[in-house]
1. I'd like to check which strands (runs of 3 or more DSSP E) are fully inside the range A:98-207 and have at least 1 residues that are within 14 Å of chain B (Cβ to nearest Cβ) and in contact with a Phe, Trp or Tyr (Cβ under 9 Å, 6 or more places away or on another chain).
2. Which condition breaks for A:Arg580 when tested against (1) in a loop (DSSP other than H, G, I, E, B); (2) over 20 Å from A:Met689 (Cα atoms)?
3. Could you list all residues from the range B:604-631 that are within 14 Å of another protein chain (Cβ to nearest Cβ) and part of a helix (DSSP H, G or I)?
4. Could we say that A:Glu398 is charged (D, E, K, R) and away from every other protein chain (no Cβ under 14 Å) here?
5. For the range A:17-46, name all the residues that are of a type in the set (S, T, N, Q), at pLDDT 95 or above and not in a loop (DSSP other than H, G, I, E, B).
6. Going by the structure shown, is B:Ala236 hydrophobic (A, V, I, L, M, F, W, C), open to solvent by 10 Å² or more (accessible area, probe 1.4 Å) and under 20 Å from B:Ala619 (Cα atoms)?
7. Quick one: would you say A:Gly588 is buried (at least 20 other Cβ atoms within 10 Å of the Cβ) and under 18 Å from A:Ile680 (Cα atoms)?
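The values are calculated or read from the model by the stated rules, or taken from the named source; none is laboratory data. A quick note: this is a predicted structure, and the numbers were derived from the prediction, not measured. Backbone-built Cβ (ideal geometry, glycine too); neighbour counts: all protein chains shown. Calculation scope for accessible area: heavy atoms of the full protein, side chains included, ligands and nucleic acids excluded. Shrake-Rupley method; radii C 1.70, N 1.55, O 1.52, S 1.80 Å.
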Number of protein chains: 2
Amino acid sequence: MTRINESLDSFFSPRSIAVVGASATPGKIGAIPITYQNDYGFNGELYPINPGRDEIQGRKAYPTLAAVGKPIDLAIFAIPAAAVDASLDDAIAAGVKNIVMFSAGFAEVSEDGKAAQQRLIAKARAAGIRMVGPNCLGFMNIARSIYATFSPVVFSGRAQTGSIGIVSQSGAFGAYAYAMARERGLGLSVWVTTGNEADIQVADCIAWMASDPNTKVIMAYMEGCQNGERLKEALALARDAGKPVVVVKVGRTELGAAAAASHTASLAGNDAVFDALFKQYGAWRARTIEDFFNIAYALSISGVPSKGKLGLLTVSGGVGVLMADDAADYGLDVAPMPQAAQDWLLAQVPFAAPRNPVDITGQVTSQVSLIEDTARVMLRDGDYGSLIIFLAAAGLTERMQALQKEVAQKLTAEFPGRVVMFSTLFTREHQRALDECGCASFQEPSSAIRVLAALDYFRVQRETQHIDRDAVIKHVALSPGALNEIDSLALLNKFGVAGVPSRIATRCDEAVTVAGSLGFPVVMKVLSSEITHKSDVGGVVLSLSNEDSVRIAYDKMMARIHEAAPTAKLDGVLIAPMVRGGVECILGVHRDPVMGPVVMFGMGGVSVELLKDVSFRIAPVSPTEARAMVDEVKLSPLLHGYRGTAPADIDALTQAIVGLSKLAMAAGETLESIDVNPFIALPAGQGAMALDAVVIGRSQSTR
Amino acid sequence: MTRINESLDSFFSPRSIAVVGASATPGKIGAIPITYQNDYGFNGELYPINPGRDEIQGRKAYPTLAAVGKPIDLAIFAIPAAAVDASLDDAIAAGVKNIVMFSAGFAEVSEDGKAAQQRLIAKARAAGIRMVGPNCLGFMNIARSIYATFSPVVFSGRAQTGSIGIVSQSGAFGAYAYAMARERGLGLSVWVTTGNEADIQVADCIAWMASDPNTKVIMAYMEGCQNGERLKEALALARDAGKPVVVVKVGRTELGAAAAASHTASLAGNDAVFDALFKQYGAWRARTIEDFFNIAYALSISGVPSKGKLGLLTVSGGVGVLMADDAADYGLDVAPMPQAAQDWLLAQVPFAAPRNPVDITGQVTSQVSLIEDTARVMLRDGDYGSLIIFLAAAGLTERMQALQKEVAQKLTAEFPGRVVMFSTLFTREHQRALDECGCASFQEPSSAIRVLAALDYFRVQRETQHIDRDAVIKHVALSPGALNEIDSLALLNKFGVAGVPSRIATRCDEAVTVAGSLGFPVVMKVLSSEITHKSDVGGVVLSLSNEDSVRIAYDKMMARIHEAAPTAKLDGVLIAPMVRGGVECILGVHRDPVMGPVVMFGMGGVSVELLKDVSFRIAPVSPTEARAMVDEVKLSPLLHGYRGTAPADIDALTQAIVGLSKLAMAAGETLESIDVNPFIALPAGQGAMALDAVVIGRSQSTR
């Protein structure tokens, strides 16, 4: 597997480009890249490859790549699938470094196509060639005037050069995104479509953009992911480089996932796992295409706020309320103004609402200076990291346009690092003018709030200490299949997940003795790695309060089991003290086919199954993340001393989650799943413990 | 209180208008309405009223309203608050029918202002004058060229005439909405701002628009509501008239509600109650301003689909998935195409995704007829009520614009009653062209899906039989304060809410006898209207299995109560059979200050308190709505036979909800609240019963 940190510089910034299947017919796939390069002034070498012509679109043509006789950084394959094999040999012979493969008819159409694609990439890899595609629209390095694409979208106009990099697995979406960016005036640095991702994936492009000096904001559109590790690494690189990543990942619901499977050759991972991934690696998952563009736009204009707290300045009380509602939904901190600042405003406008939202009322029409003065007071005295100024239809008159521009210039100069946004109806020209002053603007206040939620998320991400993940200190190789309960508990215990002190008994009298030594009451459970649902076979008895009841229970249980599971190999029974009180939780690990081990936390009872009230993180899970997993669950108030019960030992609980994650990392590829259910969080200071657990090793065939 | 069905025709369509405080100075409040009427050709009589002038803006001026000497349908008051009283006397003397009161300085500023407003409206009412305002921007009847507003927003351009009526409590929002409608090309019929709502409220405007032949779609922006009955009646009128109502109601969250209280003089009701109201009366509550406009726009262009099922036609598989995801979130039916239609498509495009979303792939660029052909097959063979056609950036080229227009014309002609929408990047001109063909279009597919969710909601509303509400057959007058448990249960029983068969005992031996006659095991509970939290004082004992245990429990309970609540008047103890099994629920009624009695349903346990997993309806609740309340709750699968338990008697449960609603209606103003907790739904066929209940009568002082 190619390593992510191999630079793709020669790919994205080639000094020489060859177009295999070059055409002189305008609009043909093999013509468009040459037309673009001619029109937009690529300042490297360009070699049309076509055995039937000496010259194409004013450029000298060559019969083969090898015939060029000079270094070729990038070869564009604009040829049918059937011709690819021969041209790849030619490329290898010519020492081509990188290929953009437009050709369709591979993994996206059939199993045969998939096999052909695998042969193709194996050959390219062996020759050290990197490749985008097949079945893609190619890429543009807009900042360097490189147009290695056959998408006709650029014929309708070029997008502005700017700081937003776009990577899209889908070509159709990529073209749409380019047009959308152009129509909205977003400035682009790089645009890539990855298609079938035989080699270069969305993750590789994110990783490269993380180091591309022209890219400050990364937009990624994904339909699936073949390699979770690469994606993690790429997102971490972008985060460490201070470049926000905004993602659209389609296939969220079951319906959507079914549609995705019929469309794409890639493996769509479980959606909650993607949510966890983006959260852990600091990317923002946009839920709609408008948010996707709105957020990238605002990031490119104003960046991430350096402080929290959101100030809302409005000329309409109702819209102020609407914005406050939306902000509360996103957990933004709409903190009130300091009293002195409120008093100042009331002295200006007696009927103003001075708290936050700050409503300067219709008074603004006769006293326009209120906008600047109030905004300044909010940023200075209110110390808001972000400020949204809602001015209704004001952006449509020249007088107010000039005023907004002046306010924007002054405030961004006076308060660097703060985000000032306008929500107002505007002409495109006026919006551009505000953009240039460093203020993003939105027609609709709800859009502005949703964008601010993302910007504030990136602020929190920046302020969060991203602790080095614990090195894996122990290694554990699990055998395929389930461990029995006591072995499961013992293994968990080694990784810091406490279990109830259980003991084995293999005979009735032993059970009685063990119970006596543990102290009554006790529980008795059948012990067998071949019985996973103990209750179903009558293999669990609770609240045994004396020796006699243990004796009777043992005999009855054995009788039931022999009837219900006559062939199961029994390891005896497990005797454990009956644990009372505490709060019931569920912990678990499952292996996601793409992302690897995923740790789960939930509260016990119906909430997990019916309400899906659980949280996920991809292992390794840090203590901070483990704590966040606990807090994320809607029923978590049950742990904080609900209705007079004692607060639970949340520290012990988070330690157990971290321990579970450590075990998952230690077991690596040999782990299938872990279920710890119930896991009891006792009152604070008294710890937490697993009452039952099953660790399952992965079968060899799936490793 | 003025009745809602009094026609406001002379208000909204006056034949004669006087402007009190008329001004010749351009831009003044008293000048603007006259300027507008002059510019836009009001074809009735216009009388400027100004004692200091003979002529204003080319119109003969009069010193007083009375001096006009002709009928005045509408007087616009463009004068300071201090001058209002005298002018109102003048208006009464002149026989003015209606007033638009721009004047500010009433209930929105102080208690004195509120009192002044009350005096004002009492006087107007006594004279039979209807009024909008005070503290409002007035109204425009765009369809009839009447501009009774001083908002300068019209100076920046007039909105198109069309079928959308807008009513806004807030003037600032109203002006913004007008400008937004104009910029987006929405056609308006009427525009009203209601300000302080001393007389005419948002509800009255909705009711009038329900009968206005020029209005087909109603947009309402509300900050609060003073009169729930009027709002219900208005929404029902609009629904019966087949006119969809789209609402923004601000003040959703606690933060928002706090801001609303500081801003508006009106009473903001509980938000969940508004949700219930809009649901019961068929209005759609838009959560963002963009949805507000998008939905009204689509309704005005294509109306409500006559069938369910949503078809998605896309040129990008990924965007198809995205749309399917969003549609699933909104519960839309993205049913697959019939097999024959799928086969047809695969014959055209072998690599197409033919189910739904239907992805015709990039093939469309070389075979543009695929769009029309596939869309037709989807509407004809797939029988989709709505179809969204995603064409990425196609709306930007002339060739594709012409093609889309042709497709739109043909499909709307061939399939009347269906909704066909485009999602594509477009120029405004192209969008207008599609609008004229009856197809709404959106740049972003997520917006289109959200709009379709609303359109489909209106379709379901139209198909739903809105049963006549049960007439109130019984009347019950409750005394202030709580009924004790047995009286509460007995009252509920009269309205069809079964209770556990409980009996009273006032002495220990009586308790023993009663328990024996009911059959063991029994529960014993202290009976006192003065003890609402029985458990807190040791007043509940469960599982008494024989005479001795009843005897002991009685004595101990009396001892505990005498200590814990020595002054409480006791009515004895209640003995009831111990109910086992069944599913625990909670029922309740509370009085909303605006909407009256609100019925609640929830599942027992922590879900109600921690997860707010409850449903509400405003009484009266029909059986259909009661059933919907049950299904709405996230934990409702517990009632359907969860994990091997028997399915619960949902019929009995819904009957109990209806019975509770009937009791609430019968008790009317005398009811404060009802709590039925727990309410047990037994296995299907075995009924459902209240195990405990408290009915509380409203204190006289708050009636």
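1. Per the criteria, A:138-141, A:146-149, A:160-168, A:187-193.
2. (2)
3. B:Val606, B:Ser607, B:Val608, B:Glu609, B:Leu610, B:Leu611, B:Asp631
4. The answer is no for A:Glu398.
5. A:Thr35
6. For B:Ala236, the condition - hydrophobic (A, V, I, L, M, F, W, C), open to solvent by 10 Å² or more (accessible area, probe 1.4 Å) and under 20 Å from B:Ala619 (Cα atoms) - is met.
7. In short, yes.
Yes/no per residue for (1) hydroxyl-bearing (Ser, Thr, Tyr); (2) in contact with a Lys or Arg (Cβ under 8 Å, 6 or more places away or on another chain); (3) closer than 30 Å to B:Ala207 by Cα:
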| residue | (1), (2), (3) |
| --- | --- |
| B:Ala18 | no, no, yes |
| B:Tyr36 | yes, no, yes |
| B:Ile56 | no, no, no |
| B:Thr64 | yes, no, no |
